[in-house]
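Participant: Quick one: this structure, given as structure tokens, is what I'll be asking you about.
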Amino acid sequence: LSSLRSLALCRRRSTGSQEPNGGPTPTPAPAVGNKVTVVLGAQWGDEGKGKVVDLLAQDADMVCRCQGGNNAGHTVVVDTVEYDFHLLPSGIINPKVTAFIGNGVVIHLEGLEGWEKRLIISDRAHIVFDFHQAVDGVQEQQRQEQAGKNLGTTKKGIGPVYSAKAERSGLRVCDLLADFTQFSERYKALAQQYKAMYPTLEIDKDGELDKLKNYVAHIKPMVRDGVHYMYEALHGPPKKILVEGANAALLDIDFGTYPFVTSSNCTVGGVCTGLGMPPQNIGEVYGVVKAYTTRVGIGAFPSEQSNEIGELLQTRGKEVGVTTGRKRRCGWLDLVLIKYAHMINGFTALALTKLDILDVFSEIKVGVAYKLDNKAIPHFPANQEVLQRVEVQYETLPGWNSDTSAARSFDELPENAQKYVRFIEEHLGVPVKWIGVGKSRESMIQLF
């Protein structure tokens, strides 16, 4: 009944008719405002999101980070110069862009130097302290000693600070800029909690508080009420706003290969909660997919190739983590995994990166289905032990055995490379908008 009333109200608004009591037509709802374009990783991270964001940031006005911290690692090459970003959005390379770090990001304040004039920080963002990073290392060591394996974290303190946030004992940027005496007391209480849990932990409370006090004047001009700032950006003059996701769908705290995940929501829902904005302002959602699959650290990896194929992908792709320096594990493209990421994120188009790494293969396998106990399963398993047991069903496609790195249009790609792209599109039901065939900005082919 209520939905019928809503429909009738919409019709009256659209026809300009009066209400039954003869009163004026209700004021139409305000326009949605500017839409944000979102770039998200569709695998286990390291897909090349930084390059896609850098490309889109060329005509953007604002680039945002909504979750994660300096555990992210995005590499961008511009005019042969290589930039590595960990906390800042990589789109900040464009001198016309304003970068916004949202409330969902956890901030280690030492990572902000050099960009002060074009950087805005939400006052609700939580602060990563040095002792969070130390705790991260101790926890990993304990996991190794007690269970024989760790989670493979970046040891940047991300898990501990999100834990403190959930336990309501964390400290935010707004706290640092308010009463420093109260901030210091809360900081010392938090440090003492960790010291009680981990007696071997060495914490220089006075030293870090001195550093933090010195940061106050430095960061104060950059800090805004993030919700108000985002609302003004969305409902002010026309503006191109870009959101750069960190990590990726399979590292999401809820939807990833738990427990070998990060500590935040790196799927599309994290955009709304991490920036303080409504879902109707989300426009295009681009998924970034590597032409094969990689992951850093331990955890299930159904299409992994622990053989010469994996080694060749690792060597050709220079698959080493930007943040950790660890070698990435490599395997064939897994479309079950990508389809799962699409179910969650609703990708409107894909960026397919590092296609050129496959140039030397005479045949290429693509994972298209999973079997468990010899039966096809229609979903991506939540449990790690179950995921370890799945058998990937592959389709084998012919390779192209030729160099694609000079291609600058889809037509310039070898026929079998074109077929590989079309196979991915048809299987997922999502168009590929960009194809990466090299490291530089110029080597991204745009299809539409």
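Taken together, the values in this text are just the output of simple stated rules run on the coordinates, not laboratory data. Source: prediction; values computed, not measured. Cβ: placed from backbone, ideal geometry, glycine included. Neighbour counts: every protein chain shown.
Participant: Dimensions of region 337-392 along principal axes (Cα, Å, largest first)?
Facilitator: 35, 30, 17
Participant: In square nanometres, what is one fourth of the surface area of the convex hull spanned by the alpha carbons of region 322-448?
Facilitator: 9.3
Participant: Counting DSSP beta bridges in the chain, what percent are antiparallel, to the nearest 5?
Facilitator: Values: 25 of 61 bridges.
Antiparallel: roughly 40 percent of the beta bridges in the chain.
Participant: Follow-up question, since we're still on this one. Per the Kirkwood treatment, what hydrodynamic radius in Å, one decimal, follows for region 258-337 from the mean inverse distance over all distinct Cα pairs?
Facilitator: Mean inverse Cα-Cα distance, inverted, gives 14.8 Å.
Participant: So what is the orientation-averaged projected area of region 293-372, using the convex hull of its C-alpha atoms, in nm²?
Facilitator: Values: hull surface 26.1 nm².
Seen from a random direction, the Cα hull of region 293-372 projects 6.5 nm² on average.
Participant: Under 37 °C and 0.692 mPa s, how fast does region 205-294 diffuse according to Stokes-Einstein, given a Kirkwood radius computed over C-alpha pairs? Answer in µm²/s, whole number.
Facilitator: Approximately 202 µm²/s, per Stokes-Einstein.
Participant: With N set to the number of residues, divide the alpha-carbon radius of gyration of the chain by 2.2 N^0.38 Å and report two decimals.
Facilitator: Taking N as the residue count of the chain, the ratio is 1.06.
Participant: Let me ask you something else. Which value, in debye to the nearest 20, gives the size of the charge dipole of the chain about its Cα centre, when Lys and Arg are +1 and Asp and Glu are -1 at the Cβ?
Facilitator: Magnitude of the dipole: close to 1060 debye.
Participant: So what's the projected area for region 209-253, the Cα convex hull averaged over all directions, in nm²?
Facilitator: Projected area, direction-averaged: 5.8 nm².
Participant: To two decimal places, what compactness ratio does region 156-238 give when its Cα radius of gyration is scaled by 2.2 N^0.38 Å?
Facilitator: Scaled against compact globular proteins, the figure is 1.35.
Participant: Let me ask something additional. With the Cα gyration tensor of region 112-214 giving a ≥ b ≥ c as the square roots of its eigenvalues, does the rule (a/c under 1.5 for rounded; else a/b larger than b/c for prolate; else oblate) give rounded, prolate or oblate?
Facilitator: Prolate.
Participant: Could you pull out every residue, at least 5 positions away or on a different chain, whose amide H is within less than 5 Å of the one on ASN401? Hs are placed 1.01 Å off N in the peptide plane, and Pro or chain starts have none.
Facilitator: PHE361
Participant: Taking the mean number of other Cβ atoms within 10 Å as a proxy for protection, how do you rank 361-372, 130-141 from highest to lowest?
Facilitator: Result, highest mean Cβ count within 10 Å first: 130-141, 361-372.
Participant: Size of the dipole of region 251-399 about the Cα centre, Lys and Arg at +1 and Asp and Glu at -1 on the beta carbon, nothing else charged, in debye to 20?
Facilitator: Dipole magnitude for region 251-399 comes out near 220 debye.
Participant: Which length gain, in nm to one decimal place, applies between SER306 and ASP206 when the Cα-Cα distance is subtracted from 0.36 nm times their residue separation?
Facilitator: Numbers: separation 100, 0.36 × 100 = 36.00 nm, distance 4.83 nm.
Taking SER306 through ASP206 to full extension adds about 31.2 nm, to one decimal.
Participant: Averaging sequence separations of C-alpha pairs under 8 Å and six or more residues apart, then dividing by the length of region 92-222, give the relative contact order as a whole percent.
Facilitator: Relative contact order here is 24 percent.
Participant: Out of region 166-267, which GluC sites (Glu not before Pro) are coil in DSSP terms and have no more than 14 other C-beta atoms within 10 Å? Kindly include the intermediate steps, with their values, before the conclusion.
Facilitator: Numbers: sites: GLU167, GLU185, GLU202, GLU208, GLU232, GLU244; in loops: GLU167, GLU202.
Of the GluC sites (Glu not before Pro), the ones in loops of region 166-267 whose Cβ has at most 14 other Cβ atoms within 10 Å are GLU167, GLU202.
Participant: With +1 assigned to the C-beta of every Lys and Arg and -1 to the C-beta of every Asp and Glu, and no other charges, what is the dipole magnitude of region 166-264 about the Cα centre in debye, to the nearest 20?
Facilitator: Around 240 debye, computed over region 166-264.
Participant: If I take every Cα pair under 8 Å that is 6 or more residues apart in region 231-338, average their sequence separation and divide by the length, what percent do I get for the relative contact order? Numbers along the way, then the final one.
Facilitator: On the way: 115 pairs, mean separation 21.3, N = 108.
Once normalised by length, the contact order is 20 percent.
Participant: Which GluC sites (Glu not before Pro) does region 263-313 hold that lie in a coil by DSSP with at most 16 other beta carbons within 10 Å?
Facilitator: none
Participant: Given an 8 Å cut-off on Cα distances and at least 6 residues of separation, report the relative contact order of the chain as a percent. Can you show the working numbers first?
Facilitator: Values: 913 pairs, mean separation 83.7, N = 448.
With pairs under 8 Å counted, the relative contact order is 19 percent.
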